[in-house]
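The next block holds one structure in the form of structure tokens; read it before the comments.
The values are calculated or read from the model by the stated rules, or taken from the named source; none is laboratory data. For clarity, every value in this text was computed on a predicted model and none was experimentally measured. All Cβ positions, even for glycine, are placed from backbone atoms using ideal geometry, and neighbour counts span all protein chains on display.
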Amino acid sequence: MIRDYSIGLMSGTSLDGADGVLVDFSGSSLRVIASATEPFSASFRAELLALNSPTHNELHRAALAGNQLAAMYARVVGTLLEDAAAQGVGTAQIRAIGAHGQTVRHQPQRTSADIAGVGYTLQLGNPALLAELTGIDVVADFRSRDVAAGGQGAPLVPAFHQRVFGRADATVAVLNLGGISNLSVLPGHPESPVLGFDCGPGNALMDAWCQQHTGRPFDAEGAWAASGRLVPKLLARLLDEAYFSQPIPKSTGRDLFSLAWLNKKLAAFVAERPEDIQNTLTEFTASACIAGINSYGNQSKELIVCGGGAFNQHLLRRLQVGLPALHVSSSDQHGLPPLQVEAAAFAWLARQAVERQPGNLPSVTGAAGPRVLGAIYPA
């Protein structure tokens with residue numbers, strides 16, 4: 001059998017680091033044969049966070065951050081290649097690297113009727129440098145073509161979710177809990193469209209609050225949130241955001257759900273205990289996801305959770321309480337660890353691009369039609 005290998009690289013809105021996987025697509029089901037990760041330093045994370053908003057000398061700083069990210073990606077690829085070599089897989093056998101890049105702007109909405117008003121999405125990274133450093137073809141800038149075709153450019157993972165987690169006998173929902181939460185609804189009936197959209201914040205606001213008040217980058221297993229109490233009026237204030245009432249297709253990011261947004265919402269709640277705020281932020285994420293599932297995935301029999309939030313046991317319990325008719329489980333129980341799902345998705349999207357096959361789903365993004373996603377940078 002001729003093997004079919006691709007690498008996927010992902011650094012998401014949680015800003016915790018770069019994840020990479022080497023995937024074998026040769027068989028009827030994919031197989032991850034190597035995985036690696038490199039955490040972001042505190043200074044690099046702070047720089048990326050600053051670049052999510054207009055800042056001094058941002059074009060120059062963004063270019064340098066893209067170079068730094070490419071170098072980090074290359075180190076992750078190097079680790080993957082070392083592990084692959086031990087299994088008899090050489091660099092020349094790998095078809096492409098799918099490099100998502102670091103999103104710092106996501107504004108897909110058209111702002112005017114003329115062509116200049118077409119939306120845009122911007123991911124930092126230097127794919128040309130990555131191709132130079134690795135000697136492997138790189139596919140990057142996956143979202144822009146979908147946006148150019150009138151789509152949201154996100155989420156792009158539902159087509160991959162359908163391949164990996166879809167069932168012929170039941171509708172399944174897949175919830176990715178990264179910095180932003182996104183949902184895929186995978187119908188059991190082959191003629192029903194796959195749906196997908198961003199529910200709202202995932203870990204981003206919880207992580208920011210935890211970092212600010214405990215010095216830890218995230219609330220391990222949700223233990224700090226579980227020690228607090230819900231602040232109902234604050235939860236109502238957080239949910240009072242126009243995004244949640246918008247119909248699908250829709251997508252969002254740190255452009256909206258930023259620390260500045262949170263601070264405005266918290267202005268009337270400065271006397272509350274930090275752990276109670278954390279509890280309420282966790283409930284906020286759960287509530288937004290539950291509302292999305294109830295609106296668009298209420299026929300689902302199962303909710304499969306991936307991303308870093310899959311390790312937040314308190315959050316998973318709140319999801320299960322809010323969705324008693326669904327079985328809530330981690331993607332680990334379905335053959336793919338939570339932190340490998342998105343990276344594997346971009347390995348698949350890179351493979352689709354190399355084969356000139358569509359990677360988007362118009363039923364998810366609202367694009368005018370299926371499109372081949374990504375720009376290819378030859379080695």
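Taking segment 171-193 only, how many residues are at pLDDT 95 or above and over 17 Å from the mean Cα position of the chain (by Cα)?
Within segment 171-193, residues that are at pLDDT 95 or above and over 17 Å from the mean Cα position of the chain (by Cα) number 5.
Can you tell me which residue in segment 100-129 is nearest to D255 (Cα to Cα), limited to those that are at pLDDT below 90 and of a type in the set (S, T, Y)?
Here the answer is T111.
In segment 148-176, what residues are farther than 19 Å from Y296 by Cβ, of a type in the set (A, V, I, L, M, F, W, C) and not assigned by TED's automatic domain parsing to the domain that holds R105?
Passing the criteria: V164, A168.
In segment 334-379, which residues are of a type in the set (G, A, S) and over 22 Å from I248 (Cβ atoms)?
Hits for segment 334-379 are G335, A343, A344, A347, A350, A353, G374, A375, A379.
Among the residues in segment 193-204, are any small (G, A, S), more than 30 Å from E275 (Cβ to Cβ) and not in a helix (DSSP H, G or I)?
Yes, some residue in segment 193-204 is small (G, A, S), more than 30 Å from E275 (Cβ to Cβ) and not in a helix (DSSP H, G or I).
Just to check your reading of the model, which residue among G335, G322, G369 is modelled with pLDDT under 95 and surrounded by fewer than 22 Cβ atoms within 10 Å (Cβ to Cβ)?
G335
Assess whether D207 counts as being outside the structural domain of T103 (by TED's automatic domain parsing), farther than 18 Å from F311 by Cβ and not polar (S, T, N, Q).
It is false that D207 is outside the structural domain of T103 (by TED's automatic domain parsing), farther than 18 Å from F311 by Cβ and not polar (S, T, N, Q).
Taking segment 172-206 only, how many residues are crowded, with 23+ Cβ neighbours inside 10 Å and either without any contact (Cβ under 8 Å) to a residue 24 or more places away in the chain or aromatic (F, W, Y) (or both)?
1
Is it the case, given these coordinates, that S29 is in contact (Cβ under 8 Å) with a residue 12 or more places away in the chain and not aliphatic (A, V, I, L, M)?
In short, yes.
Assigned to a strand (DSSP E or B), in contact (Cβ under 8 Å) with a residue 24 or more places away in the chain and within 15 Å of G196 (Cα to Cα): is that true of I293 in this structure?
Here the answer is no, as I293 does not meet what is asked.
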